[in-house]
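These notes concern the structure reproduced below.
Values in this text are rule-based calculations from the coordinates and carry no lab data. Note that the coordinates shown come from a computational prediction; the quantities given were computed from them, not determined experimentally. We place every Cβ from the backbone using ideal geometry, glycine too, and count neighbours over all the protein chains shown.
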Amino acid sequence: MNGERAALGRRVDVAHDTVALDGVPLPVLPGLVHYLLHKPAGTVTTAHDPFGRATVLELVPEFPRVFPVGRLDADSEGLLVLTNDGDLAHRLTHPSFGVEKEYLVETVGVASAGALRRLRQGVDLDDGKTAPATVGVVAPGVLRIVIHEGRNRQVRRMCEAVGHPVARLVRTRIGPLSDPRLKAGQWRALQPAEVRALARAATSDKPPRVGGASTKTRRVGPGQRPAPPGRPTRPG
C-alpha cells in the first residue's frame, strides 16, 4: 500500500491510499462497476447523440452512471468496456500502456502480400505512421488485426490506405478480455479476476489472456462469413 507492504489488519483510506497487488493497482473506491458490452452496429459510443441515434449507455444499467472506455465508431461492432473507474479507464486508453485491441475485419477485395506487409510494418496516415500491427489471414478477404494504439478509426484508415476498405469490423478482444458468447446488444459485469487482468494489461507486464476463445488464426470455408463474438461459425 502506497509503495509499502501492508500489514495484516491495516486500514485503507480509499480517498488517499493506493493499493496494489504484485505491482498492479487495484480498484478500492466503493461503488465501482465494470461492464463488458458487445456493441451492435448502428449505436454510437457517446452519452448523448444530437441526431437521435441509439447510444451504448442505453444498453447498460442507468445507475450507477458509467462511461465508455475508448471508442468504436457507429458502423463498427464488438467489445467495449464501460465503467465509472476513472483511473483504470485512463490507463486502458493512454497510449503509453499500449493495451492491445483485436479486430476481425472483412475487407473489400483480398489483400495482397504487399498490403499485408504494409499493415504489419506500419502505414502512413495523415496523422503519422502507425505502429507495427499483428495481421493474420482468416479467410480470403477476412483479416485478424491486433493494434495497441487508439487513433480515431485507425483500423479502417489503415485498410483503406493499402487499398482495401473495410466492409465490416468487429472488435473481438480488449487486452486480456474476450467473450465469444456475448451477443450484439448484450452486456455483463466483469469478474474481479477480469478487472485485475485489465489492470495488469495497463502496466509494463502483459498478462496471459483470460476467458474467451483462442485467438489462433482460424480459416472458414469458402463463401462463409466469419462469426462475430456469440455466433460460432458453422462447419461447411
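Looking at the range 115-153, which of the residues that are of a type in the set (Gly, Ala, Ser) and without any contact (Cβ under 8 Å) to a residue 40 or more places away in the chain is farthest from Leu92 (Cα to Cα)? Top of the filtered list is Gly141. In summary, Leu104 fulfils each of the numbered conditions (1) assigned to a strand (DSSP E or B); (2) on the phi > 0 side of the Ramachandran plot with the single exception of condition (2). Checked against (1) surrounded by 21 or more Cβ atoms within 10 Å (Cβ to Cβ); (2) more than 28 Å from Leu57 (Cβ to Cβ); (3) in contact with a Pro (Cβ under 7 Å, 6 or more places away or on another chain); (4) not small (Gly, Ala, Ser), Gln121 meets all criteria but (1). Criterion applied to Leu92, Leu88 was being assigned to a helix (DSSP H, G or I) and farther than 14 Å from Gly150 by Cβ, and the one residue passing it is Leu88.
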